[in-house]
1. With all protein chains present and a 1.4 Å probe, how do THR16, THR90, THR10 order by accessible area, largest first?
2. To one decimal place, what Kirkwood hydrodynamic radius in Å is obtained for region 269-320 from all pairs of distinct Cα atoms?
3. Taking 0.36 nm per residue of sequence separation and subtracting the Cα-Cα distance, how much length would be gained by fully extending the chain between VAL44 and ASP295, in nm to one decimal?
4. State, in angstrom, two size descriptors of region 90-138 derived from its alpha carbons: Rg to one decimal place and Dmax to the nearest whole number.
5. Pick from ASP262, ASP247, ASP204 the residue whose mean-square fluctuation is largest in a GNM of the chain, springs joining Cα atoms under 10 Å.
6. Once you have a ≥ b ≥ c as the square roots of the Cα gyration tensor eigenvalues for region 184-324, tell me rounded if a/c is under 1.5, and otherwise prolate or oblate according to whether a/b is larger than b/c.
7. For THR231, what residues show an amide H to amide H distance below 5 Å, using hydrogens built from the backbone and excluding near sequence neighbours?
8. From the Cα trace of region 1-96, what convex hull volume per residue do you get, rounded to a whole Å³?
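The values are calculated or read from the model by the stated rules, or taken from the named source; none is laboratory data. None of the values given here were measured: they were computed from a predicted structure. Ideal geometry is used to build each Cβ from the backbone, glycine not excepted, and the neighbour counts take in all protein chains shown. Surface accessibility is based on the protein's heavy atoms, side chains included, excluding ligands, DNA and RNA. Shrake-Rupley method; radii C 1.70, N 1.55, O 1.52, S 1.80 Å.
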Amino acid sequence: SAAAEGDLLTFGIQPTRPETGYGYIAAAQKEAGGSPVLDVERFVEKPDLETAKAMLAEGRYLWNSGMFLFRADRILEELSMHEPSILAATEAAYGETVATGDGSIRPPKALYDEIPSMPIDKAVMERASRIAVVPCNPDWTDLGSWQAIWERSARDAGGNACRGDVLLQDAQNCLVHAGSRLVACAGVSDLAVIETEDAVLVVDRERSEPVKALVAELNKDGRSETIVHRTLDQRWGRAKLLEVSDDAVIQKLEILPGQVIDHVEDAETDLHWLVISGSGMLDRGDEQKRLQMGDSVDLEAGTAYRLENGGDAMLCLLQVCRPR
């Protein structure tokens, strides 16, 4: 009812520890009548440990869950007052969206990239006048640290939480995720060891701050690992990066049954497909062609196409992208 009347609501989680990785909300005392909706006095950025302990002892601070409830017209109204450049750029991108084959819409990348990036807390919630908070305890965590993931994971007798192909010897209280190969740990404790296809991270399980510095250093060096994973989940299935060179990018595409890849004209990239399993129907202009295992097809830059997996099995392709 408060959101329907125009309040911008956030949900505050009752703290269970002096967490330094979350933001906090200072809530006003409850009014007479026991309403679950409280006024927000202020937002607090991620505090240091001593400040977090003091706020926990005071009892009126809640974790900021980052979950919100508000009317669409109210958030647009607040954006127009506090960050009109974000609203204007978003409206411009939305006005040029293109409908896709699955019913979704896609804004032009150039216009989307012009939208300023800012957290909703900074853009609106910390500056608007009608802000309220609902305290709740839904067994919530944002899993924003390796420590939080370890706490929420099933652990063995040694306190280790493992996933994937992991071998431990004399290891205690570790979080070990093996994504693509065997990970073996011996004589260690309190570590997070995270292995993926493109990188391996080893860090003190309880400390997330050094990871930010590592990411900043990788970004400074122009490394792609911080923004692009070798395996990307798509609405139609999955794309796995196999090889990158100056001349081409090679991917494996896995298209789920009943799903469609459709693409508007791209004047910069030639594609070559090789079907390695399954079958699909390719629409390319006035041409329709059924692709079977072993078939290959070239799609020149500037070609619009639609590939549908109408079967019951996964359709798998090798895709070679060659920039012009």
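1. Working: THR16 105, THR90 60, THR10 0 Å².
Greatest to least solvent exposure: THR16, THR90, THR10.
2. Here the Kirkwood hydrodynamic radius works out to 11.2 Å.
3. Numbers: separation 251, 0.36 × 251 = 90.36 nm, distance 5.86 nm.
Stretched out fully, the VAL44 to ASP295 stretch lengthens by 84.5 nm.
4. 16.2, 42
5. ASP247
6. prolate
7. Counting only residues 5 or more places away or on other chains, the set is LEU241.
8. Enclosed volume per residue, from the Cα hull, is 126 Å³.
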